[in-house]
């Protein structure tokens with residue numbers, strides 16, 4: 001059992017050791033979809049979700065089932081969350097079903 005616990009903690013630390021990126025990056029769990037990156041600007045979470053839904057061919061009827069999720073903080077972002085992106089910003093979010 002101790003081995004399993006060690007394996008889990010090792011994998012978690014590997015995720016946190018990833019190189020920091022600049023700007024805001026939206027990732028997808030689908031392998032064939034490349035990430036969407038933003039280096040500057042001001043966007044609401046809803047605007048980012050709409051663009052991600054279009055990239056994934058998700059209809060307007062269903063895109064409200066999806067949201068932006070920060071895996072490091074275990075945090076879901078509300079549609080009215082404003083992201084101000086500049087050279088100091090570093091966000092890696094996942095577009096996924098709630």
> Can you name the strands (runs of 3 or more DSSP E) wholly within region 55-97 that have at least 2 residues being within 11 Å of the chain's Cα centre (by Cα), surrounded by 13 or more Cβ atoms within 10 Å (Cβ to Cβ) and in contact (Cβ under 8 Å) with a residue 60 or more places away in the chain?
Replying inline: 90-97
>> Quick check on region 14-36: of everything there that is within 11 Å of residue 90 (Cα to Cα) and at pLDDT 95 or above, which residue is nearest to the chain's Cα centre (by Cα)?
In response: 25
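The values are calculated or read from the model by the stated rules, or taken from the named source; none is laboratory data. Here the structure is a predicted model, which is why all the values come from computation and not from measurement. Note that we place each Cβ from the backbone using ideal geometry, even for glycine, and neighbour counts take in every protein chain shown.
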